[in-house]
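One structure is given here, and the rest of the page talks about it.
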Amino acid sequence: MASTVVTHTPAVLNYLEEKGRHAGILSWVLSTDHKRIGLLYMYTMFAFFGVGVLMGLILRLELLTPGPTIPGFTANMYNAVFTLHGVIMIFLFVIPGLPAIFGNFCMPIMIGARDVAFPRLNLLSWYCFIVGAGIAVLALFTGQGFPDTGWTFYVPYSLRTGTNVTLGMLGAFIIGWSSILTGLNFLVTIHRMRAPGMGWFQMPLFVWALYATAWIQVIATPVVGITLALVMLERAIDVGIFNPALGGDPILFQHMFWIYSHPAVYIMILPAMGAISEIIPTFAGRTIFGYKAIALSSLSIASVGYLVWAHHMFTTPMSLAALFVFSLLTFFVAIPSGVKVFNWVATLYKGSIDLRSPLLFALSFIFLFSIGGLTGLANGALGPNLHIHDTYFIVGHFHYVMFGGTGFGLFAALHYWFPKMYGRMYNERLAWYYWALMFVGFNMLYFSMLILGMEGNPRRYYDYLPRFQTWHVVSTVGSWILVAGLLMMAYNFIRSARRGAPAPANPWGGVTLEWTVPSPPPVENFHEIPRWEGSAYHGFEKLQRRRSEAQ
Amino acid sequence: MVLLGITAAMLFFVWRYRLKRNPLASNIEGNAMMEIVWTALPTALVMVMFWYGWAGYQSSRSVPPDAMPVKVTARMWSWMFEYANGKVHHELFVPLDKPVKLILASQDVNHSLYIPAVRIKQDCIPGRESYLWFRPTKLETYDIQCAEFCGTEHSNMLSKVRVVSASDFETWYNTIEPVDENSGERLVQIYGCLSCHTTDGGKKVGPSFKGIYGERQTVLVRRREMNIDVDDEYLLESMREPNAKIVKGYPPNQMPSQEGILSDEQMTAIVKYIQELK
Ligand code: HEM
Ligand SMILES: [Cu+2]
Ligand SMILES: [Cu+2]
């Protein structure tokens with residue numbers, strides 16, 4: 001594909017070469033460059049993701065047969081492992097997610113800025129993340145071991161168990177700061193630092209998604225912070241807010257927890273949707289269909305998303321009125337997601353589609369996310385919820401959303417922006433092979449869970465009734481295939497970061513600002529702050545004109 | 001259906017408008033009509049889904065007036081069913097075709113009573129009461145599982161619904177076993193002791209009942225080790241105030257106090273049963 005290379009003053013070093021004031025590892029961990037911070041997040045998050053996947057593999061292996069499967073692996077260990085798996089995947093992988101990596105790396109460039117508004121605060125966010133994660137690791141190896149409560153920390157069990165709940169919660173609490181600070185930083189950056197001429201409706205859609213996400217991070221995260229703090233207090237000095245034995249209310253905990261944790265699922269998914277909205281136009285070689293609809297749907301998801309939390313609690317004693325409203329709103333919040341999907345598919349219409357790995361992952365995102373969304377509707381309907389709540393159906397559903405959605409979205413973004421990050425290409429053919437493995441393995445692993453849930457297998461079960469075994473076996477085999485694909489992907493990127501063929505500034509024919517700077521970008525991105533004119537994706541018109549002239 | 005449509009459209013477009021075949025893309029910025037259609041249609045669709053869900057749920061909340069009430073107590077990690085006449089059992093016996101109302105409570109942490117065969121569940125929250133009802137329509141045995149995570153033996157917190165004919169139920173219901181010195185074996189089953197204790201020497205969350213009577217044992221009293229003899233008095237105290245003396249190597253705060261749950265006669269019967277388990 002033809003690329004438009006904007007040449008820069010060659011004297012400027014790119015961000016990977018430029019050392020700054022420090023040398024070696026310090027030039028990374030003390031760097032305030034948004035691109036380096038993006039990579040710091042990426043390395044640490046993928047390290048945790050690896051551990052999380054390993055935990056998932058252990059869970060699946062244990063479930064291969066009913067009764068104990070792995071010698072020496074007890075129910076208590078299983079409970080700690082699924083908690084660790086959930087905590088890692090949620091707090092250390094999907095919540096920081098795309099904003100921490102690609103938001104940091106790309107967003108300032110995409111709006112034509114030299115960095116985020118508060119670069120030092122940005123580095124502090126990473127430190128909060130690392131310190132929080134470190135404390136969680138400490139919880140693993142001290143006292144009576146990692147919490148065994150599930151990542152939801154429901155009281156009163158979390159008040160009674162002897163495991164390291166307080167330490168684990170303290171870790172999550174501090175990681176929350178990282179999320180809030182990143183959100184604040186992005187809000188200010190997007191408000192104040194857009195290139196001259198770039199109005200709100202001329203921003204790339206990924207930036208819109210980050211903007212909506214940042215509001216949720218800033219508004220919702222404190223709620224979970226308070227909730228966790230109260231549980232820690234309750235454990236330490238019996239304040240009696242949640243503990244029924246002291247007159248507290250365990251349901252209150254669930255409300256407070258989900259007031260954050262439901263919006264948090266939009267912290268996870270919105271940025272991935274934003275990345276998909278960048279990738280599809282680029283590989284269809286045309287502007288996005290329904291720009292405003294997509295941008296506004298991000299905002300409406302972010303706002304209605306605050307009002308549906310109690311759909312996680314339909315089986316607790318609740319008034320009929322509450323049930324009615326929360327179920328109804330849950331259905332409403334599905335509509336903007338549907339609108340996005342329709343607009344993406346319509347963007348393919350009359351494009352000239354170059355099916356490369358980023359698009360392949362993006363289309364898989366649409367497929368898997370749609371399954372996640374539709375199974376979500378089944379959960380949101382009160383009648384079916386009564387049956388499938390807290391079963392493997394839910395486990396299947398949220399893996400489709402968080403892994404099939406956010407995970408595959410993140411992989412799509414990685415294939416898309418990797419050449420920009422490292423100035424090198426990866427092996428495209430290999431990408432197709434591991435895509436196939438991952439796609440097949442994924443569906444074996446999680447579709448089986450949907451079936452298991454409908455058959456009535458509850459979640460968080462170390463052991464299960466023998467009649468469920470068939471689908472557990474399919475699921476476990478699927479996990480092996482999926483992980484084989486993940487390993488191949490890791491190999492592809494690790495190898496290509498150092499030895500891949502040099503990438504041009506614009507390998508895919510993208511039209512947003514990050515493709516106008518060299519790959520990898522120079523230290524402060526722009527020699528001269530660009531002026532922006534026209535709509536976000538007007539660049540495709542020029543591209544098409546050039547192509548038709550060439551014919 | 002929707003999924004198939006989306007996937008088919010996606011695949012078709014990718015094939016039809018591939019780079020080779022359609023090198024010149026058309027820049028369609030959007031279409032207000034389309035946006036309205038694909039907002040309105042799904043809205044209508046999900047409202048229908050919502051309504052069906054709501055209607056189905058509502059009927060599951062309106063208990064028929066002739067339903068038979070059964071009190072359910074959930075606790076780590078067993079179920080107890082208590083009938084109007086005081087009969088207590090660890091499995092739920094119900095007569096065919098008669099609606100049953102389950103009144104749910106928990107003694108310790110959150111649990112959730114789940115009967116997959118009738119597709120219902122409801123949480124048991126300590127300090128709150130909740131309910132559930134169903135009508136057994138087949139002479140069958142259904143599984144009961146716990147659906148809310150509650151600790152170590154969560155996946156073994158199982159029981160059964162036994163649907164029996166009306167006359168069988170009548171006989172079962174009206175036989176109330178007397179509490180005498182031989183009822184220990186039955187009591188440890190019904191009162192959920194066996195989810196933490198075994199009778200064959202095996203170790204679970206708590207120590208086995210087998211062969212402890214009359215032995216010397218190391219216990220922790222406020223974290224200080226002490227040696228005691230296992231006798232009637234010690235066993236009774238273990239049930240009334242489990243945290244007073246913790247058997248070494250076992251966790252505190254697990255064993256629920258039986259004060260107010262088991263009567264004195266029942267406790268004595270259990271002590272006798274443990275004594276006999278050599
Ligand atoms: C190879 C990859 C993975 C495997 C094999 C796997 C497997 C599993 C299994 C078997 C469970 C259920 C445990 C139970 O209920 O007994 C589970 C729970 C969970 N998984 Fe995964 N998973 C994987 C990747 C992911 C990813 C990428 C995410 C998030 C982005 C994720 C998030 C979670 C969460 C939040 C839970 C719930 C934990 C809880 O119940 O507290 N998993 N996973
Ligand atoms: Cu939710
Ligand atoms: Cu349970």
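The values are calculated or read from the model by the stated rules, or taken from the named source; none is laboratory data. Since we're looking at a predicted model, the values are computed, not measured. Don't worry about glycine lacking a Cβ; one is built from the backbone with ideal geometry, like all the others, and counts go over all protein chains shown.
Quick notes on this structure:
- Unmet criterion (only one of (1) in contact with a Phe, Trp or Tyr (Cβ under 8 Å, 6 or more places away or on another chain); (2) within 9 Å of chain A (Cβ to nearest Cβ); (3) farther than 30 Å from A:Trp508 by Cβ) for B:Gly30: (3)
- Residue identified as touching a Lys or Arg at 6+ places or on another chain (Cβ under 9 Å), modelled with pLDDT of 95 or more and under 15 Å from A:Asn457 (Cα atoms) among B:Ser155, B:Ser112: B:Ser112
- Among residues of the stretch A:295-325, those that are within 11 Å of chain B (Cβ to nearest Cβ) and closer than 30 Å to A:Trp200 by Cα, counted: 3
- Residue match in the stretch A:14-28 (condition: farther than 30 Å from A:Pro419 by Cβ and in contact with a Lys or Arg (Cβ under 7 Å, 6 or more places away or on another chain)): no
- Some residue of the stretch B:153-171 being crowded, with 18+ Cβ neighbours inside 10 Å, in a strand (DSSP E or B), within 16 Å of ligand 3 (Cβ to nearest atom) and not charged (D, E, K, R): yes
- Given (1) under 17 Å from the mean Cα position of the chain (by Cα); (2) surrounded by fewer than 24 Cβ atoms within 10 Å (Cβ to Cβ), index of the condition A:Thr406 fails: (2)
- Qualifying residue in the stretch A:303-313 (condition: of a type in the set (S, T, N, Q), surrounded by fewer than 24 Cβ atoms within 10 Å (Cβ to Cβ), in the same structural domain as A:Ser535 (by TED's automatic domain parsing) and part of a helix (DSSP H, G or I)): yes
- Some residue of the stretch A:403-423 being in contact with a His (Cβ under 8 Å, 6 or more places away or on another chain) and either in contact (Cβ under 8 Å) with a residue 40 or more places away in the chain or outside the structural domain of A:Ala275 (by TED's automatic domain parsing) (or both): no
- Reported count of residues in the stretch A:393-411, each being more than 10 Å from ligand 1 (Cβ to nearest atom) and within 9 Å of A:Ile371 (Cβ to Cβ), is 2.
- The selection criterion, being in a loop (DSSP other than H, G, I, E, B), within 14 Å of another protein chain (Cβ to nearest Cβ) and in contact (Cβ under 8 Å) with a residue 12 or more places away in the chain, holds for B:Val63.
- Qualifying position, being within 16 Å of ligand 1 (Cβ to nearest atom), touching a residue at least 24 places away in the same chain (Cβ under 8 Å) and buried (at least 19 other Cβ atoms within 10 Å of the Cβ), among A:Phe153, A:Phe206, A:Phe186, A:Phe242: A:Phe153
- If the condition is being farther than 20 Å from B:Met80 by Cβ and within 14 Å of chain A (Cβ to nearest Cβ), then the stretch B:250-274 contributes B:Tyr250, B:Pro251, B:Pro252, B:Asn253.
- Contacts under 6 angstrom Cβ, first residue in the stretch B:144-155 being at the interface with chain A (Cβ under 7 Å from one of its Cβ atoms), partner assigned to a helix (DSSP H, G or I) and surrounded by fewer than 24 Cβ atoms within 10 Å (Cβ to Cβ), 6 or more apart: B:Thr152/A:Ala75; B:Thr152/A:Asn76; B:Glu153/B:Ser195
- Within the stretch A:452-465, the set of residues being hydrophobic (A, V, I, L, M, F, W, C) and either free of Cβ contacts under 8 Å to residues at least 40 places away in the same chain or at the interface with chain B (Cβ under 8 Å from one of its Cβ atoms) (or both) comprises A:Leu465 only.
- Among the residues listed as A:Leu386, A:Leu363, A:Leu368, A:Leu377, the single one being in contact with a strand residue (DSSP E or B) (Cβ under 6 Å, 6 or more places away or on another chain) and either part of a helix (DSSP H, G or I) or not polar (S, T, N, Q) (or both): A:Leu386
- For the stretch A:130-149, filtered to residues that are crowded, with 19+ Cβ neighbours inside 10 Å and in contact (Cβ under 8 Å) with a residue 60 or more places away in the chain, the residue that is nearest to A:Ser261 (Cα to Cα) is A:Thr149.
- If only residues of the stretch B:105-143 that are of a type in the set (Ser, Thr, Tyr) and at the interface with chain A (Cβ under 7 Å from one of its Cβ atoms) are counted, the one that is farthest from ligand 1 (Cβ to nearest atom) is B:Ser130.
- Scanning the stretch A:19-34 for any residue that is closer than 21 Å to A:Leu187 by Cβ and part of a helix (DSSP H, G or I) turns up at least one such residue.
- Among residues of the stretch A:326-337 being in contact with a Gly (Cβ under 7 Å, 6 or more places away or on another chain) and facing another protein chain (nearest Cβ under 7 Å), the one that is nearest to ligand 3 (Cβ to nearest atom) is A:Ser327.
- The single residue among A:Ala490, A:Ala501 that is assigned by TED's automatic domain parsing to the domain that holds A:Phe447, within 22 Å of A:Phe48 (Cβ to Cβ) and surrounded by fewer than 16 Cβ atoms within 10 Å (Cβ to Cβ) turns out to be A:Ala490.
- Among residues that are outside any strand (DSSP E or B) and either farther than 27 Å from B:Gln258 by Cα or away from chain A (no Cβ under 11 Å) (or both), B:Leu102 is not included.
- Within the stretch A:285-297, the set of residues being part of a helix (DSSP H, G or I) and either at pLDDT below 90 or β-branched (Val, Ile, Thr) (or both) comprises just one member, A:Ile294.
- Residue in the stretch B:42-74 that is modelled with the highest pLDDT, counting only those that are polar (S, T, N, Q) and within 16 Å of B:Ile120 (Cβ to Cβ): B:Ser62
- Hey, B:Val219 part of a loop (DSSP other than H, G, I, E, B), among the β-branched types (Val, Ile, Thr) and at pLDDT below 90 or not: no
- Condition check for A:Gly290 on (1) more than 22 Å from A:Gly376 (Cα to Cα); (2) within 16 Å of ligand 2 (Cβ to nearest atom): one failure, at (2).
- Any chance B:Val163 is at pLDDT 95 or above and either at positive phi or of a type in the set (Val, Ile, Thr) (or both): yes
- Taking the criterion of being within 28 Å of A:Ala47 (Cα to Cα) and either touching a strand residue (DSSP E or B) at 6+ places or on another chain (Cβ under 6 Å) or within 10 Å of ligand 1 (Cβ to nearest atom) (or both), the residues of the stretch A:449-480 that qualify are A:Met449, A:Arg459, A:Arg460, A:Tyr461, A:Tyr462, A:His472, A:Ser475, A:Thr476, A:Gly478, A:Ser479, A:Trp480.
- Within the span defined as the stretch A:55-64, every residue fails to be closer than 25 Å to A:Ala172 by Cβ, away from ligand 2 (no atom under 16 Å from the Cβ) and crowded, with 24+ Cβ neighbours inside 10 Å.
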